[in-house]
Amino acid sequence: MTDRELMWRIAGGSGDGIDSTSQNFAKALMRAGLCVFTHRHYPSRIRGGHTYVEVRADDAPVRSRGNGFNFLLALGDSFARNPQADHDTIYGNEEVKPLAENLDELNEGGIIVYDEGLLDEETLAAAGVDLEARAEENDWHVYPLDLRGLAREHGREVMRNTAGVGATAALLDMDLDHIESLMEDAMSGEILEANLEILETAYESVKADYEFTHDWRAPTGDHDEQQVLMSGSNAIAYGAMDEGCRFISGYPMTPWTDVFTIMSQHLPAVGGVSEQVEDEIAAAALALGASHAGVKAMSGSSGGGFALMSEPLGLAEMTETPLVLVEAMRAGPSTGMPTKPEQSDLEHVLYTSQGDSTRVVFAPANIRESYEQTRTAFQVAYNYQIPVVVVYDQKIQGELRNVDEAFFDREPNPDLGATLTEDEIAEAAHHSSGKFQRFRHDPENGVSPRSIPGQQGGRFLATGNEHSPEGHISESPTNRVAQVNRRLGKLDTIRSELDERDHSHQTTHGPADAEYGIMTWGSQQGTVFEAVDRLREAGHSVKALGVSDLMPYPEAEVTEFVESVEECLVVEMNATAQFRGLTQKELGRFGPRLASLLKYNGEPFEPREVVEGFETSIDGESTLPHESMKFVPAAGD
Amino acid sequence: MSVFSAIDDDREIDQEEFTPGIEPQATWCPGCGDFGVLKALKQAMPDVGRTPDETLLVTGIGCSGKLSSYFESYGFHSIHGRSLPVARAAKLANPGLEVIAAGGDGDGYGIGGNHFMHTARENHDITYIVFNNEIFGLTKGQTSPTSPKGHKSKTQPHGSAKDPVRPLSLSLTSGSSYVARTAAVNPNQAREILAEAIEHDGFAHIDFLTQCPTWNKDAKEYVPYVDVQDSEDYDFDVTDRREAADMMFEAESKLHEGEVLTGRFYVDGDRPSYGAEKRAVGEMPEEPLAERYFDEDAEWERSADLLHHHR
């Protein structure tokens with residue numbers, strides 16, 4: 001972070017094009033050589049209501065949302081107007097929300113552009129917004145512009161977003177080149193011409209007609225790598241496809257739908273199949289059936305849908321059918337808050353389904369890890385014949401970041417893992433009756449290689465009941481113990497294989513000899529790392545650890561980290577400290593050193609909140625600046 | 001040697017190949033109708049020229065689910081009600097496989113009812129055998145979705161207040177392209193219908209009446225059994241949906257009135273299977289998905305090829 005960074009927030013109603021506008025703006029900033037990061041906030045409704053997207057950009061790397069924001073483009077909610085009645089009749093004060101609801105987090109000295117064509121002073125006053133007073137108090141620079149009128153005049157009213165972007169560029173003294181070339185990529189004909197005209201007119205008129213009261217300019221950057229702007233969903237989908245996944249089945253549920261739709265769009269073109277089915281039980285069962293028949297397959301859902309998948313998940317464990325499931329967390333319990341992130345499904349993904357869990361769980365922390373760990377998930381699933389769950393949340397799902405294009409330029413992997421050819425089946429272990437021993441007790445690494453239906457001589461029965469080496473139902477105590485030990489033993493082998501890889505997905509940040517530690521998992525990693533930078537600037541001796549492998553748990557790495565510090569604060573987005581609980585269970589004796597900073601209001605942490613939480617924790621006081629957070633001291637305190 | 005050479009295996013097949021060599025004796029009760037399904041299926045396989053290695057039998061849970069233990073082929077003994085989704089995907093993954101799904105009336109018309117409806121709607125090329133004995137057997141005699149109204153059991157001691165599911169009509173309206181009913185007491189008809197269903201290109205549903213000698217003794221007393229194809233009293237066109245629907249309605253009404261109608265109720269040989277439809281709209285490649293992984297010449301596109309959208 002630098003003091004030049006741009007934290008631009010565009011706010012409006014759902015369906016007003018906030019998403020596409022912000023995406024293009026972020027891309028334009030990326031093309032201008034900046035590092036970008038977006039944060040998306042939206043309600044669970046199709047049109048109208050209050051939605052915003054933040055685009056943070058800087059010449060230094062940005063890895064989380066910022067502390068508040070410094071530029072607000074408030075467009076009003078065009079769907080608040082009643083089309084049945086007079087065009088200017090609005091429902092309640094919804095139209096004011098994009099302005100009114102964003103003021104609390106706007107930083108001192110920030111810029112406001114609001115659509116005068118939608119929100120006049122009278123409307124604002126009626127809604128109880130005294131913009132003038134608040135602007136004065138916070139040293140805000142306010143530019144009311146008739147974006148709606150301008151758009152109407154040169155094209156269509158819906159193009160007011162474009163006018164807003166033009167105004168932004170003028171106020172921040174940015175070049176229009178990248179924005180224009182993106183528009184040219186995305187549209188053509190009259191629509192393109194109208195948009196370009198609106199963009200330029202807004203730009204010119206703001207430059208010509210307004211006296212700027214601010215002197216702040218957009219940052220400039222010089223990234224020379226070829227960059228691409230990706231979401232976590234893109235990264236998971238591409239990781240799966242690069243790893244040879246050619247079958248996906250699912251049922252729509254926010255926020256999982258994103259990965260599902262991306263895969264559905266691309267799979268047929270690369271010779272794969274996507275199936276939208278009747279429910280999530282079917283979705284996971286289909287993936288299981290496809291995998292059993294020799295295809296790399298994936299399914300997924302969000303909390304409530306994943307609950308339905310617990311049956312097929314257990315069946316995959318017992319039948320040792322490779323399977324990758326993704327779980328996109330949102331706030332729970334039950335349907336909870338459909339469009340808000342939370343990290344409260346951790347225990348659900350670790351322990352759902354009957355019996356002792358023989359599964360692997362990964363929790364990517366960012367776009368790069370989303371791609372890498374999805375690839376690893378398939379390798380582990382197919383090499384070890386085990387279900388692997390990739391758990392992430394609505395935050396990673398929707399955030400856009402720039403990544404070097406070369407990062408994705410890797411060889412695809414069609415290897416089906418521990419699977420035999422017909423020649424190998426002929427040589428493999430068979431029962432004296434000639435029956436292929438699919439689940440033999442004593443294979444290397446606990447993995448008994450499988451045959452695929454249709455292969456000569458490889459017949460076996462896969463069953464959810466405990467079974468003999470040939471796959472027949474068996475309740476023999478000796479067989480039972482041998483099979484359980486073999487299945488559970490795979491987890492140890494997987495842990496050591498993951499440890500031997502070139503790079504670990506447990507990431508440390510900060511000096512090795514720091515006095516205090518902050519630990520987190522999944523999507524909050526970037527925020528925590530930025531908080532550590534800020535804390536260190538403020539003189540604290542602190543470092544951080546982001547954990548992205550959850551089961552098997554990276555006991556050695558976490559132990560080393562926790563042992564090396566005085567006390568460790570665990571930061572996570574849930575109310576019951578689920579990751580701290582897991583860590584205490586895995587590490588036992590270090591439990592008393594762990595304190596918790598929790599947030600569960602539907603918003604991810606901002607770096608400053610982690611900073612404040614850390615300061616609270618080392619002061620030993622349990623008062624926090626925000627009521628949305630909870631501090632739970634270490635048991636040893 | 002090819003990857004799935006069993007699929008090209010077209011030698012003479014003996015039904016004894018479908019008898020497993022090593023597993024324990026069937027745990028079904030003496031006199032159970034399930035023996036009839038097993039026997040008919042073993043007989044039908046040589047009739048259609050399918051070998052154990054090219055056949056995948058997916059079963060649910062319960063007495064019927066044990067079919068995959070006593071029938072030699074690739075087997076997947078899944079979970080209660082879920083045989084169809086597993087079977088569907090296996091067929092999509094490798095269309096060369098002969099995929100047969102089987103389960104009981106609770107499994108297929110109760111807990112798996114939703115999957116039944118959708119599998120029929122999509123017309124997957126699989127054969128689905130529902131062992132219908134109108135009772136939950138393995139859980140010891142509770143009322144099932146096909147038990148007659150008024151049926152008394154430990155869980156409905158006052159007599160069930162529910163009308164039974166109408167499996168044939170449900171199957172037809174859901175979209176099955178082949179619907180038949182046969183019974184364990186009609187071994188010759190059962191064998192013929194099974195062979196026909198397996199050869200049918202589309203979703204073939206067989207409501208297979210089985211008796212439960214332990215929990216539903218009444219089911220044995222279904223007399224007389226009338227074959228609708230053999231009887232002059234029941235002349236209808238099996239390819240006509242409306243006539244088939246009328247016939248099914250009659251069969252389902254008479255089931256508990258002392259006359260059991262069996263035979264083919266609906267056959268649509270023209271409707272393309274789901275796999276064919278999916279290929280036709282470009283949602284599925286021509287070559288079997290499962291073969292790709294064994295094909296050294298297969299080209300694997302990379303995500304890097306898609307990145308231009310993200311620049």
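For the pair A:T213 and A:S541, what calculated FRET efficiency results from E = 1/(1 + (r/R0)^6), where r is the Cβ-Cβ distance and R0 = 30 Å, to the nearest 0.05? Intermediate results must be reported in sequence, preceding the final value.
On the way: r = 42 Å, r/R0 = 1.39.
Approximately 0.10, to the nearest 0.05.
Annotation for A:L192 and A:N485: the two label points, set 7 Å from Cα along the Cα-Cβ direction, are 7.0 nm apart. Between B:K254 and B:H309, the modelled label-to-label distance comes to 5.7 nm, taking each label 7 Å out from Cα in the direction of the beta carbon. In this structure the amide hydrogen of A:L323, modeled in the peptide plane, comes within under 5 Å of the amide hydrogens of A:I386, A:V388, none closer than 5 places in sequence on its chain.
Between the Cα long axis of helix A:367-384 and the first principal axis of chain A there is an angle of about 10°, rounded to the nearest 10.
Between chains B and A, what is the buried accessible area in Å², counting both sides, with a 1.4 Å probe and ligands, DNA and RNA left out, to the nearest 100?
Numbers: alone 15450 and 25190 Å², together 34880 Å².
Buried surface at the B/A interface: approximately 5800 Å².
Using a probe radius of 1.4 angstrom, the carbon and sulfur fraction of the accessible surface of chain B is 48%. When a 1.4 Å probe is rolled over the protein heavy atoms, the share of accessible surface on chain A that falls to carbon and sulfur comes to 44 percent. The residues of chain A have, on average, 35 Å² of accessible surface per residue, using a 1.4 Å probe with all protein chains present.
Each Cα pair under 8 Å and six or more residues apart adds its sequence gap; the mean of these over the residue count of chain B is a relative contact order of 17 percent.
Proximity of backbone amide H atoms, modeled 1.01 Å from N, is registered between A:E243 and A:N413 at under 5 Å, excluding neighbours fewer than 5 places apart on the same chain.
Evaluate Rg over Rh across region A:131-278, taking Cα atoms for both radii and Kirkwood's formula for Rh.
Values: Rg = 21.4 Å, Rh = 19.1 Å.
My calculation puts Rg/Rh at 1.12.
Extension gain, A:T261 to A:D356: 0.36 nm times the residue separation minus the Cα-Cα distance gives 30.9 nm. Tell me, Kirkwood radius of the protein assembly as shown from alpha-carbon pair distances, in Å? By the Kirkwood definition, the hydrodynamic radius is 30.6 Å. Going from the isolated chain to the complete set of protein chains, region A:269-287 loses at least 40 Å² of heavy-atom accessible area (1.4 Å probe) at A:V270, A:G271, A:V273, A:E275, A:E278, A:A285, A:L286. For chain B, the per residue solvent-accessible surface stands at 40 Å², with DNA, RNA and ligands left out and a 1.4 Å probe.
If R0 is taken as 56 Å, the Cβ-Cβ distance between A:E132 and B:K217 corresponds to a FRET efficiency of 0.05. Counting only protein heavy atoms, probe 1.4 Å: which residues of region A:444-468 lose 30 Å² or more of accessible surface in the full assembly compared with their chain by itself? In region A:444-468, residues shielded by partner chains: A:P453, A:G454, A:Q455, A:Q456, A:R459, A:F460, A:L461, A:A462.
For B:L209, the amide hydrogen comes within under 5 Å of the amide hydrogens of B:N132, B:T182, B:A183, B:A184, counting only partners 5 or more places away or on other chains and with H modelled in the peptide plane.
From a point 7 Å beyond the Cα of A:H626 in the direction of its Cβ, which residues of region A:101-130 have a backbone N at a distance under 14 Å? It comes to A:104-107, nothing else. The residues of region B:289-304 occluded by other protein chains by 20 Å² or more of accessible area, set against the chain on its own, are B:L289, B:A290, B:R292, B:Y293, B:F294, B:W300, B:E301, B:R302, B:S303, B:A304; surface from heavy atoms, 1.4 Å probe.
The GNM of chain B, with springs linking C-alpha atoms under 10 angstrom apart, assigns the highest mean-square fluctuation among B:R82, B:R242, B:R181 to B:R242.
The values are calculated or read from the model by the stated rules, or taken from the named source; none is laboratory data. What you are looking at is a predicted structure, and each value in this text was computed from that prediction instead of being measured. So basically every Cβ, Gly included, is an ideal-geometry build from the backbone, and we count neighbours across all protein chains shown. Ligands, DNA and RNA are excluded from the accessible area calculation, which covers all protein heavy atoms including side chains. Shrake-Rupley method; radii C 1.70, N 1.55, O 1.52, S 1.80 Å.
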